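Shown next, in structure tokens, is the structure this report addresses.
The values are calculated or read from the model by the stated rules, or taken from the named source; none is laboratory data. Here the structure is a predicted model, which means the values were calculated and not measured. Positions of Cβ are generated from backbone atoms using ideal geometry, with glycine treated the same way; all protein chains shown enter the neighbour counts. These accessible areas exclude ligands, DNA and RNA; they are computed on the full protein's heavy atoms, side chains included. Shrake-Rupley method; radii C 1.70, N 1.55, O 1.52, S 1.80 Å.
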Amino acid sequence: MIDFHCHLDLYKDPLSILPEVERYCEFVLAVTTSPKAWAKTSKKFEHISVVKTAIGLHPEILLNRIDEQKSLLKGVKLNRFIGEVGIDGSRNYSGSVDLQQKAFREVLLESEQCGGRLLSIHSRNASKEVLDIIERCCNKSTPILHWFSGSLDELERAKTLGVWFSINPMMTFSTKGNALISKMPLSKVLPESDGPFTQNKGIPYMPWDTSIVINHLAKTFGKTAQFINGVMKNNLKYLLDTHN
Ligand code: MN
């Protein structure tokens, strides 16, 4: 299984699930919410070859962690995986939207300076703002919108911009999520768990639960799960080869 957006460091006991991660997963992108968390997490998982740790600064905590933005930009130089970054326009965070936009733009510009990066991007209630910045500041990098929940028109715009998407189990259970997924290009899609924040009756989804996404894609696009797995492997390989 592939999990392209997982908060592996935020499970109750991350080390205890590593054996299963190694058994069931061929690739897990462990995103982090701050450069300080990244420093700890990347050390914790460095001996697990299927886990890659991304350096990020989550838009929901940006306001209180703005002093870490500098470390993030330094980290962009040294890492090919960036995330979780982006913009959250929900009411609770709308006060910091200007700051979030500025910070997100800086990350994209630094990524370009470094020849392009893979970015796992948060865009809740801010699809337009995120796409505006991607349109202006992203050329060599590959933006991957995680848990995209914009409108169908915004999805079309994202596709025109060449943006990628990572899809989690919760999206497959909602009508809106289904409508969006059915219009996403299979060649620019990867599965994610977004665990432990995604849950089923209080139990977090695990990185290998992306099989739910695979089965959903198979049903939606009239293919076998085996075929979809092959496509996902190719997509991953393409991204890793593009940003090696
Ligand atoms: Mn997340």
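Per-structure values
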item: Whole-number accessible area per residue in Å² for the chain, which is evaluated in the context of all protein chains at 1.4 Å; result: 46 Å²
item: Spacing of the two label points (7 Å from each Cα toward its C-beta) at residue 15 and residue 47, in nm; result: 0.9 nm
item: Potential extension, residue 66-residue 22 segment - 0.36 nm per residue separation minus Cα distance; result: 12.4 nm
item: Extension gain, residue 211 back to residue 159 (0.36 nm per residue minus Cα-Cα distance, nm); result: 16.3 nm
item: Carbon and sulfur %, accessible surface of segment 2-242 computed with the full protein complex present, 1.4 Å; result: 51 percent
item: Environment charge of residue 146, counting only residues whose C-beta is closer than 14 Å and scoring Lys/Arg +1, Asp/Glu -1; result: -4
item: Candidate residues 120, 49: accessible-area rank, largest first, probe 1.4 Å; result: 49, 120
item: Out-of-range pairs (alpha-carbon distance over 26 Å; input 140/176; 70/140; 176/201; 40/201; 201/237; 43/70); result: 140/176; 40/201; 201/237
item: Nearest-0.05 FRET efficiency for residue 227 and residue 36, computed from C-beta distance (R0 41 Å); result: 0.50
item: Stretchable slack from residue 74 to residue 90, in nm (0.36 nm times residue separation minus alpha-carbon distance); result: 2.9 nm
item: Percent RCO, i.e. relative contact order, over the chain, from Cα pairs under 8 Å lying at least 6 residues apart; result: 19 percent
